[in-house]
1. Restricting attention to the stretch B:31-47, which residues are surrounded by fewer than 22 Cβ atoms within 10 Å (Cβ to Cβ) and without any contact (Cβ under 8 Å) to a residue 60 or more places away in the chain?
2. Could you check A:Trp215 against (1) closer than 24 Å to A:Val81 by Cβ; (2) of a type in the set (A, V, I, L, M, F, W, C); (3) not in a helix (DSSP H, G or I) and say which number it fails?
3. Does B:Ala321 count as surrounded by 21 or more Cβ atoms within 10 Å (Cβ to Cβ) and among the small types (Gly, Ala, Ser)?
4. Answer yes if at least one residue in the stretch B:204-211 is touching a His at 6+ places or on another chain (Cβ under 8 Å), assigned to a loop (DSSP other than H, G, I, E, B) and either away from chain A (no Cβ under 14 Å) or at pLDDT below 85 (or both), and no otherwise.
5. Of the residues that sit in the stretch A:149-181 and are surrounded by 24 or more Cβ atoms within 10 Å (Cβ to Cβ) and away from chain B (no Cβ under 11 Å), which one is nearest to A:Leu252 (Cα to Cα)?
6. Give me the pairs: first residue in the stretch B:260-276 and farther than 14 Å from B:Val243 by Cβ and away from chain A (no Cβ under 12 Å), second residue among the aliphatic types (A, V, I, L, M) and surrounded by fewer than 19 Cβ atoms within 10 Å (Cβ to Cβ), beta-carbon distance under 8 Å, and six or more apart or on different chains, which are they?
7. Filter the helices (runs of 4 or more DSSP H) completely within the stretch B:1-96 down to those with at least 2 residues that are under 20 Å from the mean Cα position of the chain (by Cα) and over 26 Å from B:Trp335 (Cα atoms).
8. Which of the residues belonging to the stretch B:167-189 are crowded, with 22+ Cβ neighbours inside 10 Å, small (Gly, Ala, Ser) and either part of a loop (DSSP other than H, G, I, E, B) or more than 11 Å from chain A (Cβ to nearest Cβ) (or both)?
Amino acid sequence: MGQGMEHVLLILAACVYCIGSVGYFVFLVRNEENVHRAALGILVAGAVFHGTAIVLRSAAAGHLAVTTLSEALSFFAWLMVVAYVLIQNRLRLRVLGSFVAPLAAAFMFGSAILPSHMIPATPLLKSTWVWIHVSTLFGANALFAVACAAGILYLYQERAIKRKRLGPLYGRLPSLERLDRVNHVCLLIGFPLMTVGLLAGFLYASTVWKSPWNWDPKEIFALITWLIYAVLLHERLAVGWRGRRAAWLAILGFSAVLITFLGVNLFLKGHHTLFVTQ
Amino acid sequence: MDIYLVGMNHKTAPVDIRERIAQVCRMDANPLEQRPHCKAVEELFFLSTCNRVEFLFTTRNGSDGVEEITDLMVRLIGLPKEMVLKHFYVHKNLEAVRHLFRVASGLDSMVVGEPQILGQIKDAYREATQYRTVGVVLNRLLHKTFSVAKRVRTETNIGCHAVSVSYAAVELAKKIFGDLRDKRVMLVGAGEMAELAAEHFRGQGVRDMVVVNRTLERAVELGRRFHAQTVPFAHFPDALLDVDIVLCSTAAAQPILTAADLKPRMRKRKNRPLFFIDIAMPRNVDPKVHEIDNVYLYDIDDLKGIVDLNLSERRHEAEKAQFIIDTETLQFQQWLQTLDVVPTIIALRRKAESIRQAELRKTLSQLPGLGDKEKEAIGVLTESMIKKLLHDPIVFLKKKSVRESKKLYVSFTRQLFNLDQEDAPARSLDCTDG
């Protein structure tokens, strides 16, 4: 019963994200406030369905539903939409939705294609540490995704202004300073979250496998990702990096996130695949 | 009843007459006060800006109305009648409506798409309502005008693109910095165009300005005008550390700033973006500066290029706007046509109501024993009978109002119900659609 409901909600959320993507695309072309308001409303509705589905599944599984790659993708898509809605509320960056909505829809489809049988509750997954580890890291990744989208927009807009050829999207895109600020804010919140998440992972690993560091591929890539963002944060705060370089680094950082998150799970084996391949 | 529009604008009148118009624009006495002297004019609306004078009015007698308004305009402008007559235009009904829509949408303006005109029309309308010179038709027409202008603005990009060099500079600054209110603008040299751009920046809320000039006197003068502090010319490169936008317009023959000067200072600025607007000829800032990260340099040719692009864009958008205006004009015409049947509908209702009242009085006086409840019931009964009986003819008339044949049906109805025998009711200004 609960599972049927949850499936319906997930499908509904995926469809709603698709409609939202179309709405945002129309907004990109026509630049009408009403279109944007409708698209944002649709996206929020999708996030509500989606969130409910995740809660239902987590309740049924007895742990946070991020143990299979399918669940993880779905959870990530949800966090990304929530992060965008929050940023839209605080910083008014409408055009960013044109990136986030299709990305969320794509992740939902990825999630639907992958096998999604439920992992039986094991004591290994019930720990609070796992909960902290997963939710903070996913939150950080969602923020980094938004930072990456802002970075792409920044590079496009910056290039137009530098080349003195203002393209067709010139009127739609927000100012460089605001895009850079989104990058900055996402980094400021995302980096501590990521740090906390990694520390929680190491601590838990040391209790379960007696060692915090096990040369797990995911661990290695996560550390690389963390280093990239650490460099970006340091350069931003201490040296005053901003603009183009910061945008490039945010894109690079998110590529590393994707490799850690998807690539390692799909192609390499380690502690984290323990859950995924079951 | 017809709607007329009489006026002149920057396209029809030469400069010397436009100068007179500009004076009219500043005049205290409102020509709307003269309406009682115009016997043929019913409703009247008057608009004057520096580029146009327009009289919009309704009349049952077109030639007299136009004559009276022409005299009014001649008096207003204070030039010989022949001279004024040569330059003005008269639009009737559909053309008048279309012209008004075009004016309000900025299509008829000197700079196509400029937004001020709508505000000016709104002010003029407020005055007209204060003088009570507008009634059903013009009220409706002007409200429609506002909504058409708004539609044009939201559905086309006619007002989106800057069409002056200084405004294009401000737009670019907004694209780089977003909010300009907390930004610092530096004025180097004092060309006319730089001052204009500085005014634009002030208009965008910039309050923090710095003036750099070789002659101290001029710097102090400008500083006072823009409430800006002054910096000696020798300190100019270091003053770049804490400004965001630099407007250059000195007469220097050599560049006053090179990339080598700027590079180390950008590091000290922690790479905060810096936007140079170089409107000097020859250029004040070395073009290589543009290659530094987070530095943007636009010279006069770059800005002109943007403006030219925007102007052609606006002309393209104007075509879209024209289409909106044409459809809205047709819709308004349909409403206008229903007005022709309104007096007949009113007369019909009035006649029925007077019969009902008379018969009711007679009947009730013969039945003294009735209570209030019964009296009321009889009243409601008669009322609903009349309403139901008249419903179909009225719907029929309204439906025919947009057809050419409506005159036939109106006169037939008047004969059928014998409506012309009694005093034909005057058209009431408060009634919109019967």
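1. Once the filter is applied, which keeps residues that are surrounded by fewer than 22 Cβ atoms within 10 Å (Cβ to Cβ) and without any contact (Cβ under 8 Å) to a residue 60 or more places away in the chain, the stretch B:31-47 yields B:Pro31, B:Gln34, B:Pro36, B:His37, B:Cys38, B:Lys39, B:Ala40.
2. With respect to (1) closer than 24 Å to A:Val81 by Cβ; (2) of a type in the set (A, V, I, L, M, F, W, C); (3) not in a helix (DSSP H, G or I), A:Trp215 is out only on (1).
3. Numbers: surrounded by 21 or more Cβ atoms within 10 Å (Cβ to Cβ): yes; among the small types (Gly, Ala, Ser): yes.
Yes: the conditions hold for B:Ala321.
4. If we filter the stretch B:204-211 for residues that are touching a His at 6+ places or on another chain (Cβ under 8 Å), which is where we start, we get B:207, B:209.
Within this subset, residues satisfying the condition of being assigned to a loop (DSSP other than H, G, I, E, B) are B:207.
Next, from what is left, pick out any that are either away from chain A (no Cβ under 14 Å) or at pLDDT below 85 (or both): B:207.
Yes; the residues of the stretch B:204-211 include at least one that is touching a His at 6+ places or on another chain (Cβ under 8 Å), assigned to a loop (DSSP other than H, G, I, E, B) and either away from chain A (no Cβ under 14 Å) or at pLDDT below 85 (or both).
5. A:Gly151
6. As it stands, the answer is B:Lys263/B:Ile292, since those pairs meet every condition given.
7. Values: elements: B:15-25, B:62-77, B:81-87.
By residue number, B:15-25.
8. B:Ala169, B:Gly189
The values are calculated or read from the model by the stated rules, or taken from the named source; none is laboratory data. Everything quoted here is computed from the prediction, not taken from an experiment. Ideal geometry is used to build each Cβ from the backbone, glycine not excepted, and the neighbour counts take in all protein chains shown.
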